[in-house]
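Worksheet: the structure to be examined is printed underneath.
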Amino acid sequence: MTRVAILISGGGSNMLALVRDMLSGDHPARPVLVAANDPAATGLARAAQMGVPVAAVDHRAYGRDRAAFEAALIQPILAAKPDILCLAGFMRVLTPDFVRQFEGRMLNIHPSLLPKYPGLHTHQRALDAGDAEAGCSVHEVTAELDAGPLLGQARVPVLPCDTADTLAARVLVQEHRLYPAVLRRYAVGDRRMVNLPPAPTGVSG
Ligand code: GAR
């Protein structure tokens with residue numbers, strides 16, 4: 001069975017979508033670790049409640065020493081022996097050295113239709129550009145930020161009344177559909193692009 005570790009920074013709603021799907025039975029993978037860079041990340045307690053081992057490595061303890069933080073972070077990850085590492089709302093940029101160790105088996109979900117809007121503030125940037133649609137992408141992680149090969153996308157229309165918050169909420173609903181759909185395939189070595197059918201409009205919960 002394919003072993004999956006998940007890195008989070010906060011609430012971990014994408015992590016929960018992945019864990020729920022893996023624990024639903026009939027899945028080629030199982031969660032072996034949820035780790036966070038913030039001990040207060042509420043997703044840790046939610047993962048523990050679902051019986052998934054958790055770990056926290058506080059990045060603030062390492063100041064600007066990214067390599068030292070990653071050397072600590074990688075310990076619980078290696079101990080869990082994951083086949084796949086999923087970034088799910090993990091808000092630290094990883095160094096090329098770290099990425100290299102999981103090359104070809106690390107995924108990320110990003111709240112834009114990449115290659116548009118890598119980095120932060122994706123929804124505001126889509127609104128500022130007057131885009132008619134927005135969405136999310138799952139991609140393989142490479143050393144360049146938010147630029148690895150695409151594995152799946154889901155789209156939502158941008159509505160005239162949208163703010164960055166309403167758009168983010170509507171995209172997040174699609175993230176929870178897309179990431180599990182991609183992981184199910186990726187866990188059995190299927191890297192074909194997943195294009196989810198367009199979402200119904202006006203859904204925010
Ligand atoms: C999600 O929207 C995810 O796409 C985004 O952070 C949110 C985390 O929510 N990730 C990034 O912006 C990565 N650059 P979650 O903790 O509830 O899954």
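Okay, here's what the table says:
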| item | result |
| --- | --- |
| Residue list for the range 84-104, restricted to those being aromatic (Phe, Trp, Tyr) and either surrounded by fewer than 22 Cβ atoms within 10 Å (Cβ to Cβ) or outside any loop (DSSP other than H, G, I, E, B) (or both) | PHE98, PHE102 |
| Close pairs (7 angstrom Cβ cut-off, 6 or more residues apart or separate chains): among the acidic types (Asp, Glu) in the range 10-33, within 16 Å of the ligand (Cβ to nearest atom) anywhere | ASP21/PRO180 |
| Residue identified as closer than 20 Å to ALA88 by Cβ, within 14 Å of the ligand (Cβ to nearest atom) and surrounded by fewer than 19 Cβ atoms within 10 Å (Cβ to Cβ) among LEU183, LEU145, LEU178 | LEU145 |
| Any hit, the range 49-67, residues being in contact with a Ser or Thr (Cβ under 6 Å, 6 or more places away or on another chain) and within 17 Å of ALA88 (Cβ to Cβ) | no |
| Scope the range 78-101; condition more than 12 Å from the ligand (Cβ to nearest atom) and under 18 Å from ASN14 (Cβ atoms); matching residues | PRO82, ILE84, LEU85 |
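Residues checked against (1) modelled with pLDDT of 95 or more; (2) away from the ligand (no atom under 16 Å from the Cβ); (3) assigned to a helix (DSSP H, G or I):
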position: ASN14; (1), (2), (3): yes, no, yes
position: VAL19; (1), (2), (3): yes, no, yes
position: SER24; (1), (2), (3): yes, yes, no
position: PRO31; (1), (2), (3): yes, no, no
position: ALA45; (1), (2), (3): yes, no, yes
position: ALA71; (1), (2), (3): yes, yes, yes
position: PRO76; (1), (2), (3): yes, yes, yes
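The values are calculated or read from the model by the stated rules, or taken from the named source; none is laboratory data. Everything quoted here is computed from the prediction, not taken from an experiment. Positions of Cβ are generated from backbone atoms using ideal geometry, with glycine treated the same way; all protein chains shown enter the neighbour counts.
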